[in-house]
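What follows is a single structure, written as structure tokens, with notes after it.
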Amino acid sequence: MGRLFVTLLLSSAAAASTQHAVRTEQPVTIEGSLDEPAWQDAPEFTDFTENWPNQGATPSQRTSVRVLYDDRTLYVGIICFDSEPEKIMRTLGRRDSVPTADMIELAIDSALTRRSAYYFNVNAAGVQRDGLLFNDVRFSETWDAVWASGVATRPDGWSVELAIPLSVLRFPKAQEQRWGFLVRRTVPRTHQTFDSTLIPRTVNAGVSRFGELAGLVELKPKRGLEIVPYAAARLSVRPQFSAATTPHPRLVDPALDLGADLRTALLSDLTLNATVNPDFGQVEADQLILNLSNSELFFPEKRPFFNQGLDIFEPVGSEYGAPHQLFYSRRIGLDTPIFAAAKVTGTVAPGLSIGVLDAVVLGPADPGKASIAFRSPSGEQIADAESRPDGRVGLHLERPLHLGLDRELPAERPTPKNFLAAVARYDATRKLNLGVTFTAATPLAPRCTPADFATSADYLAGDCQALGGETLGLDWDLRSENRDWVFLGLIDGSHRVGGPKDDTLRDGTVMHPGDLGFGGYFKAGKFGGEGFRGRIEGAWTSPRLDLNATGFMSSQNQARLGVLAQYVRTQGLTLLRDFYTQLNATTFWTTDGRFTPRGTYLGWELDFTFNTFDNVGLGVNVEIPFYDVREIDGAGVPFERQNDVVAYFFLTTDSNRALSLHLQPYVYRTFGGGPARDAIGYGGDASAVLRPHPRFETQLALHGSHDPYGARWVDTLDDASTFIFGDQQSENMSVTLRQTVALAAARTLQGYAQLFSAYAHYPRYFAAGPDAKNHIDVRALTAFDPSSSYDFHDAALNLNVVMRWQYRPGSTLFFVYTRSQRELGYFDGQPSTTALFPLRLGPGPITDTVLLKWTYWFSA
């Protein structure tokens, strides 16, 4: 239910409430009972309004709020009166993952920006959650602060006290402060939420409609200094050889890391976050997904340092889907260790917010010499050194706070780079926000050196220049007074830095060092409000626009134009809680001057929630035949893809029940042409969440699909003008289990396991070359007998167990076990299995790692 706070932070013309705070000179003990005399000096606020399910009604349960403050801390005390106190849900869980329970949520816009706010959440069992609200309606749960709370049981309900250090809130210097302020109470057994200021659900605004907190006099911004050092010891048992066909013997690799995080206020509303040799060993692995498309998949950022304050780096309009992302933090440190990183975020002038992030990833210390990562102690290449691993302990300048064995070093030369992202956003008016973003990935050394080649001629031909890039974007966000009407967009450009002399992209575009690219997108229409909504959106990327050195863009050489119409009802319904339906149409084409159609899509969806709080929906998507310019890798020859029609259905039961379910099956039909045949595909997702006890939660997620994708490119003949295609028949399945055991509010045990298996089989093959228009139509395919099979099979098992103990505020001890297991590899000429069951997973290569990590929070 905590997520309702995000989705329901919307407002219309409801009157804003004002809460008054009182300064106290008396100590306040945070244990939840509000029994200190100081609380009686603070004015009581009880004027709450029901938001859900009966918007605007008088609450059935009374809620009382009082606010105190001193020179260092803001205190909020809340009493939740309950006519049935025995039914209060006190569910335990991990911090920042609050389960379904009675809870209080608090949001504070301390700089009165009307765009962003700090978020604090405490449930009736004392579990904490915090985050940031930004762009008025967006929420990020990755912001973390050290603050105190206490809960107490009362005969007439429950109560909570929060103590929020002023050092974690950013506010300007002023004789008297007025802050945006909102309190929300959730009663899950009745699905009710009560707001201190009514924020109706259907309009496109949130923070801008908060009530206010007044009476804050003579408060001085607190700079504060927080330092969190850590020590991490890990032991890994891994295969000696990288080939999946050779899982044995296994090596034991011990390692020790030291590092630290730092946070301090540079100005009253400007914060510095820094990290040295960060360790993210406790972070859950990415979900295993079969990607048979010809575009990169987007994965969310999970590393704490990058998530902190990431909201200002979000692309404009990201809440509605942003096709261009100039900064994608996962580009940093996934292949090369992060030496250090720093980030400055905050407000430097009224209405002007900035964010600057800089990170250095280090490779060889001296690019003029052969790296130890490329040669063993006796001088042979590292490929041979796998047979004689170097077991010596090494301490290297590029990782001075890491102690480990030299055989850990990567087989390929890591390229040291500096990553920079800088953003400035200015509230030109209450309705208009303007922004500028600059990003750069700057190589600090070449990919290779003369020592890696036998002759100087080989070195000159080796394209050793490392690849980097720079981007610049200008964006705008214009909204009506009630935030329902929106016109936003971005204009961006890129500059390619270094890289190979001739680098051919997937669609055949040839890139060179110094190339420039341009693009942009816009969205306009009515995004909120009851009744009809609609919008139009478009995007354009030149063939040489390259954002992926620091950002994310799934495809260049593409233009898009789409329209969407919605009808939304949340009030005046008899059998339903809410209802919406939508129609959408989008078409794509290339921007290289050929205007090749890249796809046209039509869709319809119907979604409604019953009075039982169960959600049901269904929809249909139609894909019209198109040409895929990325299918044949590097050829620049558009290939006609088969069209399809997809029908789907989904059901989500009430998430407040002890057992909640989600089902989403789908079926589709592809339409062939020429030798390609019509086919039926199907699949779906199913998940269940079970809470048999306030301390236990089990989540099970299943996915499976049978996908007859039809003719897909698999290879190119030596003449470079004849292409081989296979009739791709694919199946995949995934089983994911998450188990949480809450021993106490500060001690949790969490387990994660994913079993994944997939294969692709090609029963028939075809060949074709481009026609006079340099296209390949499906009807032009002819039968072909390749000399080898292109079938493949993949299976993997990921396990992760994390014991987390917050032994004092801000200080945590982690014990982590992870297992990464792959299926046994196939030798050349050995046919892969077409059975979905992962038969070869058991004997495959396994990496087991045990991590013990200690952190300690200092504050001054």
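The values are calculated or read from the model by the stated rules, or taken from the named source; none is laboratory data. Keep in mind that this is a model prediction, so the values were computed, not measured. Ideal geometry is used to build each Cβ from the backbone, glycine not excepted, and the neighbour counts take in all protein chains shown. Calculation scope for accessible area: heavy atoms of the full protein, side chains included, ligands and nucleic acids excluded. Shrake-Rupley method; radii C 1.70, N 1.55, O 1.52, S 1.80 Å.
Below are the figures for this structure:
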{"read-out": "Output for the stretch 822-860, where each listed residue is assigned to a loop (DSSP other than H, G, I, E, B), open to solvent by 70 Å² or more (accessible area, probe 1.4 Å) and under 30 Å from Gly810 (Cα atoms)", "value": "Ala860"}
{"read-out": "Set Arg779, Arg747: member being among the charged types (D, E, K, R), touching a Phe, Trp or Tyr at 6+ places or on another chain (Cβ under 7 Å) and open to solvent by 60 Å² or more (accessible area, probe 1.4 Å)", "value": "Arg747"}
{"read-out": "Scope the stretch 819-860; condition within 30 Å of Asp707 (Cα to Cα) and among the acidic types (Asp, Glu); matching residues", "value": "Glu823, Asp828"}
{"read-out": "Hits in the stretch 62-84 (condition: farther than 28 Å from Ala145 by Cα and either open to solvent by less than 20 Å² (accessible area, probe 1.4 Å) or of a type in the set (Ser, Thr, Tyr) (or both))", "value": "Asp82, Ser83"}
{"read-out": "Filtered residues of the stretch 398-412 (kept if surrounded by fewer than 18 Cβ atoms within 10 Å (Cβ to Cβ), at pLDDT 80 or above and under 29 Å from the mean Cα position of the chain (by Cα))", "value": "Leu401"}
{"read-out": "Output for the stretch 782-800, where each listed residue is open to solvent by less than 60 Å² (accessible area, probe 1.4 Å) and either among the aliphatic types (A, V, I, L, M) or outside any loop (DSSP other than H, G, I, E, B) (or both)", "value": "His793, Ala795, Ala796, Leu797, Asn798, Leu799, Asn800"}
{"read-out": "Matching residues, the stretch 507-530, being open to solvent by 60 Å² or more (accessible area, probe 1.4 Å) and either in contact with a Gly (Cβ under 7 Å, 6 or more places away or on another chain) or among the β-branched types (Val, Ile, Thr) (or both)", "value": "Pro513, Leu516, Phe518, Phe522"}
{"read-out": "Neighbours by Cβ (under 7 Å, 6+ apart or cross-chain): first from the stretch 418-441, assigned to a loop (DSSP other than H, G, I, E, B); second of a type in the set (Val, Ile, Thr)", "value": "none"}
{"read-out": "Residues of the stretch 648-689 classified as surrounded by fewer than 17 Cβ atoms within 10 Å (Cβ to Cβ), more than 26 Å from Ala101 (Cβ to Cβ) and of a type in the set (Gly, Ala, Ser), total", "value": "2"}
{"read-out": "Count - residues of the stretch 450-466 that are touching a Gly at 6+ places or on another chain (Cβ under 6 Å) and either open to solvent by less than 60 Å² (accessible area, probe 1.4 Å) or at pLDDT 95 or above (or both)", "value": "1"}
{"read-out": "Subset of the stretch 28-61 (residues that are surrounded by 16 or more Cβ atoms within 10 Å (Cβ to Cβ) and without any contact (Cβ under 8 Å) to a residue 60 or more places away in the chain)", "value": "Glu36, Ala38, Trp39, Ala42"}
{"read-out": "Residue count for the stretch 315-339, restricted to those that are under 28 Å from Pro416 (Cβ atoms) and open to solvent by 30 Å² or more (accessible area, probe 1.4 Å)", "value": "7"}
{"read-out": "Any hit, the stretch 574-592, residues being of a type outside the set (Asp, Glu), out of contact with any strand residue (DSSP E or B) (no Cβ under 6 Å at 6 or more places or on another chain), at pLDDT below 90 and within 30 Å of Thr190 (Cβ to Cβ)", "value": "yes"}
{"read-out": "Elements of type strands (runs of 3 or more DSSP E) contained in the stretch 172-261, each with 1 or more residues being more than 30 Å from Phe815 (Cβ to Cβ) and open to solvent by 30 Å² or more (accessible area, probe 1.4 Å)", "value": "176-187, 211-217"}
{"read-out": "Scan of the stretch 114-132 for residues that are of a type in the set (Asp, Glu) and at pLDDT 95 or above, ordered by number", "value": "none"}
{"read-out": "In the stretch 274-288, the residues that are in a loop (DSSP other than H, G, I, E, B), in contact (Cβ under 8 Å) with a residue 24 or more places away in the chain and open to solvent by 30 Å² or more (accessible area, probe 1.4 Å)", "value": "Phe280, Gln282, Glu284, Ala285, Gln287, Leu288"}
{"read-out": "Among residues of the stretch 253-310, those that are among the β-branched types (Val, Ile, Thr) and touching a Lys or Arg at 6+ places or on another chain (Cβ under 9 Å), counted", "value": "4"}
{"read-out": "Entirely in the stretch 564-647, the strands (runs of 3 or more DSSP E) that have 3 or more residues that are open to solvent by 30 Å² or more (accessible area, probe 1.4 Å)", "value": "576-589, 597-610, 615-624"}
